[in-house]
1. Considering only the stretch 209-267, how many residues are within 28 Å of F186 (Cα to Cα) and among the aromatic types (F, W, Y)?
2. Tally time: how many residues in the stretch 96-115 are open to solvent by 10 Å² or more (accessible area, probe 1.4 Å), within 16 Å of the ligand (Cβ to nearest atom) and assigned to a helix (DSSP H, G or I)?
3. Looking at the stretch 200-214, which of the residues that are touching an Asp or Glu at 6+ places or on another chain (Cβ under 7 Å) and open to solvent by 10 Å² or more (accessible area, probe 1.4 Å) is farthest from the ligand (Cβ to nearest atom)?
4. If you go through the stretch 29-52, how many residues are in a loop (DSSP other than H, G, I, E, B) and either away from the ligand (no atom under 16 Å from the Cβ) or on the phi > 0 side of the Ramachandran plot (or both)?
5. Is it true that some residue in the stretch 57-80 is within 13 Å of the ligand (Cβ to nearest atom) and of a type in the set (G, A, S)?
6. I need a count of the residues in the stretch 215-267 that are surrounded by 15 or more Cβ atoms within 10 Å (Cβ to Cβ) and small (G, A, S).
7. Within the stretch 120-167, work out how many residues are basic (K, R), over 23 Å from A110 (Cα atoms) and open to solvent by less than 20 Å² (accessible area, probe 1.4 Å).
8. Among the residues of the stretch 81-95, is any farther than 17 Å from S153 by Cα, part of a helix (DSSP H, G or I) and more than 14 Å from the ligand (Cβ to nearest atom)?
Amino acid sequence: MLPPIRSQMNSTKITPEILIQMKARGEKIPALTAYDYPQTKLLDETGVPFLLVGDSLGMVVLGYPDTTLVTMADMEHHVRAAARAQPRALLAADLPFQSYENVADALTNARRLMTAGAEAVKAEGGRNILPQVRALVVAGIPFCGHLGMLPQSVRLEGGYHIKGRAEAEKQALLADAQALAEAGAFAIVLELVTPPVAAELTRALLIPTIGIGSGPDCDGQILVTPDLLGTFPWFTPRFVKPRLNGAEQMRTAIAGWMAALQAPPVP
Ligand code: KIV
């Protein structure tokens, strides 16, 4: 008999505070992206405690070349769909490119995502967005940081570059992480940060670090779900080992169905 799925064993709603307690207990935090109702429901049934409606949806769902074309309307549409699954997991959503340039925009757009069903928001940046982070936290909107390689800056930086190799970069990451934690962030995603620097940031903070391509020593790990399941086979980041060849399985299933449909009738 299959073991019961974890969400049936423990129905406690996951809050930002629970993720902080998981870090304190030394419990690893798995996190995945979710973009719609069935995906959110399925992921939640596995017991993943942290789900993110990431602006990666621009690439893996909407077919944009990068995340800079994702709009607030795109995010609201997908947050609404994911939230209809009423997950036990904490459901966070990305503030998209240029939606949090100042405090007023950050508050207005974070409120739109929360009204759509998000339970927390994430934005890219450190000390440069501190007034926005403070205002969100004061307004009661749980905030998750995102440091290291910042996908929304891809056009500015001319590509996706690993962060933390130079001493100055490492010091900047440490200062940004401390500032976000002091401003009230409940977690920080570290994307493409060198593993030793990610480990040092993780030790320095009381709030969890959630790594992506940043080595094994973060408090949690987040992946773009289609990368893990092999359902976006046209690009897989080097640090991901897909657990399923979803695209191949779909192709095989569909080809089998077509062949059966088109097979000449047996006389
Ligand atoms: O948009 C996204 O999916 C993300 C994750 C890569 C952390 O920000």
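The values are calculated or read from the model by the stated rules, or taken from the named source; none is laboratory data. Quick caveat, the model's predicted, so the values are computed rather than measured. With ideal geometry, Cβ positions are generated from the backbone for all residues, glycine too; neighbour counts draw on all protein chains shown. In case anyone asks, the SASA skips ligands and DNA or RNA and just uses the protein heavy atoms, side chains included. Shrake-Rupley method; radii C 1.70, N 1.55, O 1.52, S 1.80 Å.
1. Result for the stretch 209-267: 1.
2. 1
3. T202
4. 2
5. yes
6. 5
7. 0
8. Scanning the stretch 81-95, I find at least one residue that is farther than 17 Å from S153 by Cα, part of a helix (DSSP H, G or I) and more than 14 Å from the ligand (Cβ to nearest atom), so the answer is yes.
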